[in-house]
1. Scan the range 160-179 and tell me whether some residue there is in contact (Cβ under 8 Å) with a residue 12 or more places away in the chain, assigned to a loop (DSSP other than H, G, I, E, B) and surrounded by 19 or more Cβ atoms within 10 Å (Cβ to Cβ).
2. Can we say Val143 is of a type in the set (A, V, I, L, M), surrounded by 14 or more Cβ atoms within 10 Å (Cβ to Cβ), within 14 Å of Arg59 (Cα to Cα) and out of contact with any Asp or Glu (no Cβ under 8 Å at 6 or more places or on another chain)?
3. Quick check, is Leu98 within 16 Å of the chain's Cα centre (by Cα) and touching a residue at least 60 places away in the same chain (Cβ under 8 Å)?
4. For the range 108-136, which residues satisfy the criterion of being charged (D, E, K, R), in contact with a helix residue (DSSP H, G or I) (Cβ under 9 Å, 6 or more places away or on another chain) and in a helix (DSSP H, G or I)?
5. Considering the range 44-72 alone, what residues qualify as being hydrophobic (A, V, I, L, M, F, W, C), within 21 Å of Pro153 (Cβ to Cβ) and assigned to a helix (DSSP H, G or I)?
6. If I filter the range 72-81 for residues that are surrounded by 19 or more Cβ atoms within 10 Å (Cβ to Cβ) and small (Gly, Ala, Ser), do I get at least one hit?
7. Anything in the range 40-55 that is modelled with pLDDT under 95 and either among the basic types (Lys, Arg) or touching a Phe, Trp or Tyr at 6+ places or on another chain (Cβ under 8 Å) (or both)? List them, or say none.
8. Is it the case that the range 86-102 has a residue that's under 14 Å from Cys61 (Cα atoms) and either modelled with pLDDT under 95 or not aromatic (Phe, Trp, Tyr) (or both)?
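The values are calculated or read from the model by the stated rules, or taken from the named source; none is laboratory data. Every value quoted in this text rests on a predicted model; they were computed, and no experiment measured them. FYI the Cβ positions are ideal-geometry reconstructions off the backbone, even for glycines, and counts take in every protein chain you see.
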Amino acid sequence: MSGDINKRLIIFCLFLMAGLYVVRWERSNTAEVYVREMVRLLDDRSHPGNCDFEGRRARLCQMVALLQDASEQGLDQGEIARGAANRLGRSESDAEVLADSLQQNTRSAVVMGLLDDENRSDMETGLLPRISRGPYAGGELDVEYIVPVEHAPELDSHFANMTLRPLLLTQELGTPVDGDSYEKAGRFYKAALISQSSYVRVGAEFEQNMRR
């Protein structure tokens with residue numbers, strides 16, 4: 001009797017292990033699809049006619065929609081973004097900064113309702129939908145640099161330096177070097193994405209803004 005129970009237990013464990021293996025394989029296979037698409041969106045060589053600010057703005061919207069879809073499939077957004085950056089030869093610190101920024105943009109998009117059913121198709125095609133939730137509901141969406149490129153020109157084409165925000169907020173405040181952008185500039189400098197002179201310029205602008 002005990003022998004039959006042990007056999008059934010062994011068979012159950014084998015089926016369980018096989019099931020877990022299939023789940024892991026399917027998840028890995030699904031993640032690969034998202035990483036490849038993220039590589040395509042990140043790589044300027046795949047978009048030779050779409051490398052100006054407007055083109056990158058559209059691609060940022062598509063990346064955000066892609067990461068949200070990945071998370072809804074049970075995948076890790078950071079792993080998708082880092083995996084894509086690594087395949088493009090980015091350093092680990094560069095990949096980490098990029099992943100953090102894209103995840104922050106995705107969180108902001110969720111809060112503003114940009115990934116709700118009525119808006120997601122716009123984001124997926126690179127369009128800027130109207131904000132449907134939060135204090136700026138009904139307003140237009142904007143994409144701005146976090147660190148002004150006049151102080152750090154190296155960041156002109158880096159997606160980690162782009163942020164989704166309400167247009168009204170930009171109209172009210174502009175894009176000054178504040179505490180957040182100065183902190184981000186420090187991360188860019190540590191990741192060797194900007195020069196020391198650029199970081200010094202950003203710091204000088206931040207100190208000047210604090211005195212106003």
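1. Checked against the condition, which is being in contact (Cβ under 8 Å) with a residue 12 or more places away in the chain, assigned to a loop (DSSP other than H, G, I, E, B) and surrounded by 19 or more Cβ atoms within 10 Å (Cβ to Cβ), the range 160-179 yields at least one hit.
2. yes
3. It is true that Leu98 is within 16 Å of the chain's Cα centre (by Cα) and touching a residue at least 60 places away in the same chain (Cβ under 8 Å).
4. Across the range 108-136, the qualifying residues are Arg120, Asp122, Glu124.
5. Matches in the range 44-72: Phe53, Leu60.
6. Scanning the range 72-81 turns up at least one residue that is surrounded by 19 or more Cβ atoms within 10 Å (Cβ to Cβ) and small (Gly, Ala, Ser).
7. Answer for the range 40-55, where residues must be modelled with pLDDT under 95 and either among the basic types (Lys, Arg) or touching a Phe, Trp or Tyr at 6+ places or on another chain (Cβ under 8 Å) (or both): just Arg45.
8. For the range 86-102, residues under 14 Å from Cys61 (Cα atoms) and either modelled with pLDDT under 95 or not aromatic (Phe, Trp, Tyr) (or both): present.
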